[in-house]
Amino acid sequence: MRFFIFVIDFSTLGPIVNDAFLLAAMVLCALYAFFGTEDLVLDLIAMMTKQTVERVDEAEMEVITAQPPQRLAIIVPAWDESAVIERMLRGNIAHIDYPAYDIFVGVYPNDPATSLAVERVARDHPHVFAVVNPRPGPTSKGQILNQVVAQVLEQDERRRASSADPYAGIV
């Protein structure tokens, strides 16, 4: 078995190249230190000011739950997720403790396994919708999410036209 070791002697490249490598290394080290220190400072501020998550007391919760729930649209992009998407959707449906939501899953025409998994869930849960992207996948996450949001807005218009409750938000 042969091993090759390459050694580059930057001193043969001249002082300008050496200085450029040194400057680049120093800039990278400075950026790394700055961003690491920034995170540390923010964490220390949060700890020193004792920032915590505020709990909602029972009286506030009664006021909140007395309001009629507003419909939400949950959007999920899915490319090549056939192994997990059905379990994920069914698990979320079982654990979401909110009565007014629809789930829109963006799928691709060239990913039939994921589309079929979403359709199986949609047959059991009428508030789950598969949104088929017109472009074959994969595309950027922004592109598929834009397609899904467009479908949510179309569904929202249909809901308003039929006097059904419109979507109050997209998650």
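The values are calculated or read from the model by the stated rules, or taken from the named source; none is laboratory data. Since the structure is predicted, the reported quantities are computational estimates derived from the model, not experimental observations. Please note: Cβ atoms are built from the backbone with ideal geometry, for glycine as well, and neighbour counts cover all protein chains shown. Just the protein is used for accessible areas: all its heavy atoms, side chains included, with ligands, DNA and RNA removed. Shrake-Rupley method; radii C 1.70, N 1.55, O 1.52, S 1.80 Å.
Odds and ends about this structure:
Per-residue answers, yes or no, for (1) modelled with pLDDT of 90 or more; (2) among the basic types (Lys, Arg); (3) on the phi < 0 side of the Ramachandran plot; (4) loosely packed, with under 10 Cβ neighbours inside 10 Å:
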site	(1), (2), (3), (4)
GLU38	no, no, yes, no
ASP43	no, no, yes, no
ARG55	no, yes, yes, yes
LEU72	yes, no, yes, no
TRP79	yes, no, yes, no
SER82	yes, no, yes, no
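- Condition met for VAL63 (open to solvent by less than 90 Å² (accessible area, probe 1.4 Å), among the β-branched types (Val, Ile, Thr) and at pLDDT 80 or above): no
- Of the candidates ALA117, ALA122, the single residue that is in contact with a Ser or Thr (Cβ under 8 Å, 6 or more places away or on another chain) and either in contact (Cβ under 8 Å) with a residue 60 or more places away in the chain or assigned to a helix (DSSP H, G or I) (or both) is ALA117.
- So PRO112, is it more than 19 Å from the chain's Cα centre (by Cα) and not aromatic (Phe, Trp, Tyr): yes
- The lone criterion from (1) touching a helix residue (DSSP H, G or I) at 6+ places or on another chain (Cβ under 7 Å); (2) open to solvent by 30 Å² or more (accessible area, probe 1.4 Å); (3) within 22 Å of PRO68 (Cβ to Cβ) left unmet by PHE129 is number (3).
- Residue match in segment 156-163 (condition: touching a residue at least 24 places away in the same chain (Cβ under 8 Å) and surrounded by fewer than 11 Cβ atoms within 10 Å (Cβ to Cβ)): no
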